[in-house]
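Every number in this text was worked out from the coordinates using simple rules, so none of it is lab data. The structure displayed is predicted, hence computed values, not measured ones. As a convention, Cβ positions derive from the backbone with ideal geometry for all residues, glycine included, and neighbour counts pool all protein chains shown.
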Amino acid sequence: MHPDLEKMIVLQGLDVEAKRLRDEMSALPKRVAELETKLKATQGQRAVVVDLIAKEEVLRRRQELDIKDHQAKMAKVKKQLDQATTTVQVTAFEHEISFAQGEVSRLEDAELESMERSEALEAQKARADEAVAADEKILERERVRAAETIAADKVALAGVEERRAALRPEIGEDALSVYDRISKGKGTAVAEALNQKCMACQMMLRPQKWNDLRDRSNDETMMTCESCGRLLYYDPARDAPQKKAVPVESIAASIIRSL
Ligand SMILES: [Zn+2]
């Protein structure tokens, strides 16, 4: 294998890892922000229920005052009734008392309905409290996990960057510019060819290309996939491994081990 290609395989591993670390570091705060939004929504739902409970309490206080008013009125009219002298007065007072009694029983019914609504709302509030507590717990756990992961990622990324910085100057300038151009466009620049296929784009290699790639006398030539344009490498240790009794270390693994 071309020595630059060997190094580019390692470089690609480092680049992929650096990208993974950066992606993770930017995704974690977004995940925490999403959980914060979710918690706010759950708290908002609970606030609606708490507000409805308060409104029912205000309503019942007013109903009780109204009941007392009607009862006081009734007591007053009953006294007037005792002193009534004409049938017209008696009828009018009785009418007033009956109206007030009707109002009291209507208000008492309404108060009972309000209490039933409050009971249902209290059950809703209990569920909302649980939902808020659960969301708070998840948020707190994810905040801690995100902070720890990001701190670890920063250290890991510094290590990866250091290895990248040391490796890049060891690769030929032309090869490195080809590597940078392809990886900028495709995300990765080097692809393994396995079982006559480019493992990056999954397209079949023409038989001639496949033969050239496996021919060790071509080690000084870098070949690209005709379909995706990535630089191809062939690893005899990985090709048709079912035929081998003894596992052979892959080239990528042996390069990484030797670094
Ligand atoms: Zn390809």
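Quick rundown of the values:
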| item | result |
| --- | --- |
| Cα gyration tensor shape of region 94-217, rounded if a/c is under 1.5, else prolate or oblate by comparing a/b with b/c | prolate |
| Per-peptide average of other Cβ atoms within 10 Å, ordering 91-104, 224-237 highest first | 224-237, 91-104 |
| Calculated [θ] (222 nm, deg cm²/dmol) that DSSP helices of n ≥ 4 give over the chain, each run adding -39,500 (n - 2.57) | -27000 deg cm²/dmol |
| Eligible aspartates and glutamates near LYS154 by straight Cα distance, threshold 20 Å, same-chain separation 8 or greater | ASP15, GLU17, ASP23, GLU24, GLU142, GLU162 |
| C-alpha center-to-center spacing [region 107-164, region 1-33] in angstrom | 32 Å |
| Rounded to 10°, Cα long-axis angle of helix 3-82 versus longest principal axis of the chain | 0 degrees |
| Theoretical gain in end-to-end length, ASN211 to ASP180 [0.36 nm per residue, Cα-Cα removed] | 8.5 nm |
| Cα-projected label distance for LYS38 with ASP51, points at 7 Å along beta-carbon direction, nm | 2.4 nm |
| Out-of-range pairs (alpha-carbon distance over 27 Å; input LYS30/LYS184; LYS55/LYS76; LYS7/LYS184) | LYS55/LYS76 |
| Cα convex hull of the chain - mean projected area over all directions, nm² | 25.3 nm² |
